[in-house]
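K.L.:
Once you've had a glance at the structure underneath, I'll fire off some questions.
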Amino acid sequence: MASGMQEKQYTPSLLSFFIYNPTFGPREGEEEKKILFYHPSDVEKNEKIRNVGLCEAIVQFTRTFCPTKPAKSLHTQKNRQFFFEPEDNFWIVMVVRNPMIEKPNKDGKPPTVEYQEEEILDTVYGAVVKQCYSMYKLFNGTFGRAVEAGGVEMLIQKLEKFFYRYLQTLHLQSCDLLDVFGGISFFPLDKMTYLKIQSFVNRVEESLSLIKYTAFLYNDQLIWSGLEQDDMRILYKYLTTSLFPRHSEPELAGRDSPLRPEVAGNLLHYGRFLTGPTNLKDPEAKFRFPKIFVSAEDGYEELHLIVYKAMSAAACFMINASVELTREFCEQLDGLVGPQLTLLASDICEQFTINRRISGPEKEPQFKFIYFNHMNLAEKSTIHMRKTASVCLTSVHPDLMKILGDINCDFSRVDEDEEIIVKAMTDYWVVGKKSDQRELYVILNQKNANLIEVNEEVKRLCATFTTLRTVNTAGYHDSISVMQ
Amino acid sequence: MDGEGQRATVAWETGTLAPVDRLRTERADSPTPGLVEGTEPGAGGKSAMFVHAQSFEDLTAEAEEEALRGAELDKSEEDCTEELKALEEQHNNDFSSDGRAKEEDVSSEAWRSHRKHVFVLSEAGKPIYTRYGTEEALSSTMGVMMALVSFVEAEKNIIRSIHADGCKVVFLTKSPLVLVGVSRTCQSDRELLRELQYIYYQIVSLLTLTQLNHIFQHKQNYDLRRLLAGSEYLTDNLLRRLDRDPGLLLSAVTCLPLASSARDVVSSSLQAAKAKSLVFSILLAGDRLVTLVRKKDQVLHHMDLHLVFNLVGSSSSFREGEGWTPICLPKFNTAGFFHAHISYLEPASELCLILVSTDREDFFNMSDCKRRFLERLSKRSAYQTLKDALKCPSYSVAQVGIPELRHFLYKSKSSGLYTSPEFPVVYESDEEQERLMGLYQDLHSCLHHPTRPLRSFYRCSETENLLAWVTSGFELYLCFSPLATKALAVSAVNKLLKWIRKEEDRLFILSPLTY
C-alpha cells in the first residue's frame, strides 16, 4: 500500500459547548434568547437553536420515565453529549466527538470513517462538565448572581469572557479517572515539619489580620488548607493545572535568563507574587488580585486571591474582596512572608530528602496504582507523570486506563464494599478495591501470575499504604479542626 | 490463572480421569486456556450445531413467490389493502387473542417504576407494542421517541441511548421498525440492545422481513397491530425469558440430562423419520433440548432456536393436538416462512416434537414422520429411560461437591450448549433469580466488551463472590457464597471442569446427527 494510504486516528475532541436557559425564551420565535453561550461561536443561528432544541427534547423526554433524575448524557454514533443543570433551569451541554479512524479509499472516493463508540467514559466527561462550572463559579460566582447584578446581558458577558479562554485549556483526549475523583494530592510530611508550617500560617494570620483563609502547598501538593473541601478542590485544580504551570517556565530558566522576572532589589529571599504585582518596586505596579468566590454560611463570599511563592513552597492568602489592597499591604506581606517561606521551603526539601533516604532507594515496582479517599479527597497516582497545563501523561496503555474507569463505574453503582480483579487480553492484571470510602486501583504487570498471587501482591501494597495514608489524612483532618 | 490451568493439565495427565470413549482420544486432555476450540468439555463430536447459517437454497422458490406477490402489490394501492386484509384475517385466526391485563395509568408512578419497558413503533411513529400499558395511551410518547430518532438521523447520525441516574433509554433502529428499551437495571447498553434484537426477530419470525418491508413501503402509516393482534403474549413471554433464561444470555441452549446411549437412540429414531422437505427435527423437554437432527449442511442459529422455544413454551394450544404453523427463522432467512409441525408426544408429557418443513402443504407428511418416530422409539427401552430422565430434568450444585459454590454456568463454545445446576435456595425467589441473572449479565458484558474484552473477572461483594473466565473453548461463570476465598475459587474452576468432563456424556449432545 502506498504511504499516503494510511489510516488516520482521531482522538475525542470538543465539538461544541453551550449554555442555555429555556425560561429566557419560552415563546416561539424567541428561541435564540435561551442561548447564553455557544462555542464555536461562528455556528449559524438556526443550527444553534436546533441543537439546543434537541437537548431540551431529550431532557423533557427522559422526565417521562424519570421525573426526579435529569438526563445526563446522550450517546449517538458520532458523538456524546453531556448535560448538566448546575442551577435551576440553567443547562450546560458539552458535545464530544467519538474517537474515529479514517480509512482511505481507492479511486479518489472519500475516506471511510469509523467511529469508536465505546471509548468515551460518561463518568469522566460528566465530571469534566461539572468541573467547568465549578471553575466558572470560583471566579464569577453563580449564574444567578450575575443575572441579579446586571441582567442576562451581564451573565452573557461573563460567560463569554470566561469560557472563551477556559475551553481552550480543556484537553479532552487526556481526561481519565483522575477527573472523576477531582482529588487533591497531599504532600507526605513528618509531624515536626508539619507543625512548623502550621505555626507559620498562624503567625502570618495573626500579624496580617486581613487574611481570612490560608492554604499551603509544596511541590504542587497540598499541605494545609483553611478552606472548605469543595472550594479547595477546585482552587487546587486551578493552581496546579493553570497558575503554577504558567509560572514554572521562568523558574526553571537560569538566573540570567531574560525569562526570569527581575528579583526585587534585595536577595534576602526568593519570595514573589504569582498573582498581583510582578515587581513591587515598579512605581507603575497595579495591586489588583483575582477574585474568587467560596461558600460561606450565607451562600458565598468574595475574596482576593493572593498566591505567593518561594522556591517550591506556595502560600495562598485570601482576603475579603471589599477591602482594597494597597502597595503598603503587599510590601508588608512580602517582607513578612518572603524570608520565612524561603526558609520553610528549604526545610521541607531537606526533610523530604532525608525521609526518602530512610525509606531506601525506590525499587522499580511491579505495579502502578491510583488511590482516592472520598472523605478527605486525597488522591495519589503512580500512573500519571507530572501534570502540566496542557497534557496529563500516563505511563500505561489507554485501554488499561479505561478498564480502571469501567471498574470505577461498577463501584459507583452500589454503595457497598467491593473488590474486582480482572485479567485483560494483554494479560495485565487490574485490581479495584473499594472499602470504607476509599478506592484503590492497581495495574500489575505480572503476566504469569494467578489470581492468588495477584491478591498477595495487592495485600502487600495495601500494607505499605496504610502508613502513608495516616500521614495524609492526619494532615487534612488537623487543618479542618483548626479552621473550626 | 494460567498457572492454575497448567496444574489442571498435570492432574489430567496423571490419569485420574482416563479417557475411554472413542471420541476421547482425539479430544484434548484438559480444559486449559490453550485448548483448541472444539475439544472443551461438552464440545460436539462433529461440526457445530448452532452457528450462523447461510441462506437456505430451498427457500428461494418461496422468496420468489414473495417477490411476485410484491410485484402484484405494486400494481395498486387497493390490491395492497386487500392483501393486508387477507393477512390480517389469517393472523387473527392464527393467534387466539389472550386478553392481556394492560390497563395501566401510564402517567402513574407504578407504570414508571417497572424495571424494564420495551416499546416497538413504526418509522411513522405508530405504536406497535408496549410491554406495560396500552399502545393507545402511549402514542404521544412513542411519537416523541420517533421524533428524537429522526432528528438525530437528519444530522446523518444515529441515536443510541440516553442516560440518567438509575435509568437508561436504548434505541434500536431496524427499518421499518424502531425499538426502544427503558431500563432501571444496571444492564449495559449492549445487553439491552441484544434484548431488543430478540424482540425485533420475534416480530420478524411472525411476518418475515420481506412482508414487513412490503407493508410499510405501501402504507407508511400502517397500524401493524392489526397484523400482530393476539401475538403480544409471545413478546411478553420472550421478555420474561430474557430476564431469566441464561441460554439467551449465553447464546446457547441447555440439554435434558440423559444417558448418552438413550440420547443416541432418540436421535437415530428421529433421524430415521425423515422426509424430503424436513429440515430440522427438534425434541424438547420443557425448556431443554433432548436432541436435534438437521438436514446435512444446514445449521440452526441459537436465536432461531430460542424463538421456537418461546413459541412452544408460550402457548398451550399445541397441547390440544398437532399444530401446524408458519414460522420465519430470521437468522436463517428473513425472507420466507418455514412450516412447523408442533405436537406433544403424549398429552400430559413435557416432550414436545417440532418438525420444521419447507413445504406448506406438508402437514400430513410431518404427521407421518412423527408417527414413525414414535413407533421406533416405543420399541426401544430408550423411551422409558427418556421418560425417567424427565423426572429429574436438572441437578443440584451439591452434586459437584465444591463447598461455597452456589451456582454456575458453563458454555461449550463449539457446540453452543451450556449446562447449569438448578438455583439454590438463596436464589429461590424470582427477584433473587433475576438479580443473579443480572450479575451474570454484567460479567458477560465486561468479558465481551467490544473494544476491551477481558480474560477473566473476579468480583467480591457483600452478597456473593463471582468468577468468570473465557477461553477459546468455553465460558464459565461461577457464583460463590461471600465466604469463599480466592484460593477456593481458583481450585473450584479445576474441580468443576473435571466434573463436567466426567458428566459431559449426560449433560451435552456429543454426537449430533443429520438426515
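K.L.:
Restricting the range B:416-472 to residues that are of a type in the set (D, E, K, R) and closer than 26 Å to A:Val454 by Cα, which is nearest to the chain's Cα centre (by Cα)?
P.N.:
Restricting to residues being of a type in the set (D, E, K, R) and closer than 26 Å to A:Val454 by Cα, the top hit is B:Asp442.
K.L.:
In addition: Just to be sure, is A:Leu404 of a type outside the set (S, T, N, Q), more than 9 Å from every other protein chain (Cβ to nearest Cβ) and touching a residue at least 12 places away in the same chain (Cβ under 8 Å)?
P.N.:
yes
K.L.:
Something else: Here's a check for you: in the range B:486-500, which residue that is away from every other protein chain (no Cβ under 14 Å) and out of contact with any Ser or Thr (no Cβ under 9 Å at 6 or more places or on another chain) is least open to solvent (accessible area, probe 1.4 Å)?
P.N.:
Going through the qualifying residues, I end up with B:Leu496.
K.L.:
Restricting to the range B:447-459, count the residues that are closer than 15 Å to A:Arg413 by Cα and more than 7 Å from chain A (Cβ to nearest Cβ).
P.N.:
Adding up the residues that qualify gives 0.
K.L.:
Mind telling me which of the residues B:Leu248, B:Leu270, B:Leu234 ends up being in a helix (DSSP H, G or I), buried (at least 19 other Cβ atoms within 10 Å of the Cβ) and assigned by the TED database to the domain that holds B:Ser122?
P.N.:
B:Leu234
K.L.:
From the list A:Lys33, A:Lys106, A:Lys69, which residue is farther than 26 Å from A:Arg165 by Cα, surrounded by 13 or more Cβ atoms within 10 Å (Cβ to Cβ) and basic (Lys, Arg)?
P.N.:
A:Lys69
So that you can scan it fast, the table gives a plain yes or no per residue for (1) within 27 Å of the chain's Cα centre (by Cα); (2) modelled with pLDDT of 90 or more:
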{"residue": "A:Val201", "(1), (2)": "yes, yes"}
{"residue": "A:Ile223", "(1), (2)": "yes, yes"}
{"residue": "A:Tyr236", "(1), (2)": "yes, yes"}
{"residue": "A:Thr240", "(1), (2)": "yes, yes"}
{"residue": "A:Arg246", "(1), (2)": "yes, no"}
{"residue": "A:Ser257", "(1), (2)": "no, no"}
{"residue": "A:Asn279", "(1), (2)": "no, no"}
{"residue": "A:Pro290", "(1), (2)": "yes, yes"}
{"residue": "A:Glu302", "(1), (2)": "yes, yes"}
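K.L.:
While we're here: If you go through the range A:75-103, how many residues are touching a strand residue (DSSP E or B) at 6+ places or on another chain (Cβ under 6 Å) and open to solvent by 40 Å² or more (accessible area, probe 1.4 Å)?
P.N.:
Total satisfying the criteria: 7.
K.L.:
Picking from A:Ser207, A:Ser185, A:Ser134, which residue would you name as being more than 22 Å from A:Val95 (Cβ to Cβ), open to solvent by 20 Å² or more (accessible area, probe 1.4 Å) and within 12 Å of the chain's Cα centre (by Cα)?
P.N.:
A:Ser185
K.L.:
Still on this model: For the range A:429-448, does any single residue satisfy the condition of being part of a helix (DSSP H, G or I) and either open to solvent by 60 Å² or more (accessible area, probe 1.4 Å) or at pLDDT below 85 (or both)?
P.N.:
Taking every residue of the range A:429-448 in turn, none turns out to be part of a helix (DSSP H, G or I) and either open to solvent by 60 Å² or more (accessible area, probe 1.4 Å) or at pLDDT below 85 (or both).
K.L.:
Tally time: how many residues in the range B:419-444 are of a type in the set (Phe, Trp, Tyr) and in contact with a Pro (Cβ under 7 Å, 6 or more places away or on another chain)?
P.N.:
So the answer is 1.
K.L.:
Would you pick out the residues in the range B:400-413 that are assigned to a helix (DSSP H, G or I) and either more than 17 Å from B:Leu488 (Cα to Cα) or without any contact (Cβ under 8 Å) to a residue 60 or more places away in the chain (or both)?
P.N.:
Once the filter is applied, which keeps residues that are assigned to a helix (DSSP H, G or I) and either more than 17 Å from B:Leu488 (Cα to Cα) or without any contact (Cβ under 8 Å) to a residue 60 or more places away in the chain (or both), the range B:400-413 yields nothing.
K.L.:
Next up: Considering only the range A:41-53, I want to know if a residue exists there that is charged (D, E, K, R), surrounded by 13 or more Cβ atoms within 10 Å (Cβ to Cβ) and either in a loop (DSSP other than H, G, I, E, B) or within 12 Å of another protein chain (Cβ to nearest Cβ) (or both).
P.N.:
Yes - at least one qualifying residue is present in the range A:41-53.
K.L.:
Okay, next question. If B:Cys392 meets every condition in (1) surrounded by 19 or more Cβ atoms within 10 Å (Cβ to Cβ); (2) out of contact with any His (no Cβ under 7 Å at 6 or more places or on another chain) apart from one, which number is that one?
P.N.:
Unmet condition: (1).
K.L.:
With the requirement that a residue be open to solvent by 10 Å² or more (accessible area, probe 1.4 Å), in contact with a Ser or Thr (Cβ under 9 Å, 6 or more places away or on another chain) and more than 10 Å from chain A (Cβ to nearest Cβ), what does the range B:130-151 give you?
P.N.:
B:Arg131, B:Ala137, B:Met146
K.L.:
In the range B:338-357, how many are outside any strand (DSSP E or B) and open to solvent by 30 Å² or more (accessible area, probe 1.4 Å)?
P.N.:
The qualifying residues number 4.
K.L.:
Would you be able to tell me the number of residues in the range B:429-477 that are in a loop (DSSP other than H, G, I, E, B), touching a residue at least 24 places away in the same chain (Cβ under 8 Å) and farther than 22 Å from A:Pro398 by Cα?
P.N.:
Qualifying residue count for the region: 4.
K.L.:
Looking only at the range B:152-168, which residues are at the interface with chain A (Cβ under 7 Å from one of its Cβ atoms) and either touching a Lys or Arg at 6+ places or on another chain (Cβ under 8 Å) or not in a helix (DSSP H, G or I) (or both)?
P.N.:
B:Asn157, B:Ile158, B:Ile159, B:Arg160, B:Ser161, B:Ile162, B:His163, B:Ala164, B:Asp165, B:Gly166, B:Cys167
K.L.:
Please give the number of the condition A:Asn79 fails out of (1) in contact with a Phe, Trp or Tyr (Cβ under 6 Å, 6 or more places away or on another chain); (2) within 13 Å of another protein chain (Cβ to nearest Cβ).
P.N.:
The one condition A:Asn79 does not meet is (1).
K.L.:
Hey, could you check the range B:302-328 for residues that are among the acidic types (Asp, Glu) and surrounded by fewer than 20 Cβ atoms within 10 Å (Cβ to Cβ) and say which is modelled with the highest pLDDT?
P.N.:
Within the range B:302-328, the match that is modelled with the highest pLDDT is B:Glu322.
K.L.:
Within the range B:286-295, how many residues are open to solvent by less than 10 Å² (accessible area, probe 1.4 Å) and over 21 Å from B:Asp362 (Cα atoms)?
P.N.:
Qualifying residue count, the range B:286-295: 3.
K.L.:
So A:Glu456 clears everything in (1) assigned to a helix (DSSP H, G or I); (2) away from chain B (no Cβ under 14 Å); (3) modelled with pLDDT of 80 or more except one condition, right? Which one?
P.N.:
The number of the failed condition is (2).
K.L.:
Scan the range A:273-329 residue by residue and report those that are among the β-branched types (Val, Ile, Thr) and either in a loop (DSSP other than H, G, I, E, B) or more than 23 Å from A:Gln229 (Cα to Cα) (or both).
P.N.:
A:Thr275, A:Thr278, A:Val323, A:Thr326 - these are the residues of the range A:273-329 that are among the β-branched types (Val, Ile, Thr) and either in a loop (DSSP other than H, G, I, E, B) or more than 23 Å from A:Gln229 (Cα to Cα) (or both).
K.L.:
A further question follows. Output the number of the condition that B:Asn465 fails; it satisfies all remaining conditions of (1) surrounded by 15 or more Cβ atoms within 10 Å (Cβ to Cβ); (2) more than 10 Å from chain A (Cβ to nearest Cβ).
P.N.:
It fails just one condition, (2).
K.L.:
Then there's this: Is it the case that some residue within the range B:171-178 is within 10 Å of chain A (Cβ to nearest Cβ), open to solvent by 10 Å² or more (accessible area, probe 1.4 Å) and either in contact with an Asp or Glu (Cβ under 9 Å, 6 or more places away or on another chain) or under 17 Å from B:Asp223 (Cβ atoms) (or both)?
P.N.:
No - not one qualifying residue is present in the range B:171-178.
K.L.:
Out of (1) under 19 Å from A:Glu457 (Cα atoms); (2) within 7 Å of chain B (Cβ to nearest Cβ), what's the single condition that is false for A:Asp427?
P.N.:
Every listed condition holds for A:Asp427 apart from (2).
K.L.:
Looking only at the range A:55-76, which residues are at the interface with chain B (Cβ under 10 Å from one of its Cβ atoms), over 27 Å from the mean Cα position of the chain (by Cα) and touching a residue at least 24 places away in the same chain (Cβ under 8 Å)?
P.N.:
If the condition is that a residue be at the interface with chain B (Cβ under 10 Å from one of its Cβ atoms), over 27 Å from the mean Cα position of the chain (by Cα) and touching a residue at least 24 places away in the same chain (Cβ under 8 Å), then A:Ile58, A:Val59 are the ones that fit.
The values are calculated or read from the model by the stated rules, or taken from the named source; none is laboratory data. Computed from a predicted structure; not experimentally measured. Glycine gets a Cβ as well: all are built from the backbone with ideal geometry, and neighbour counts include every protein chain shown. The protein model used for the area step is the full one, side chains on, heavy atoms only, and it has no ligands, DNA or RNA in it. Shrake-Rupley method; radii C 1.70, N 1.55, O 1.52, S 1.80 Å.
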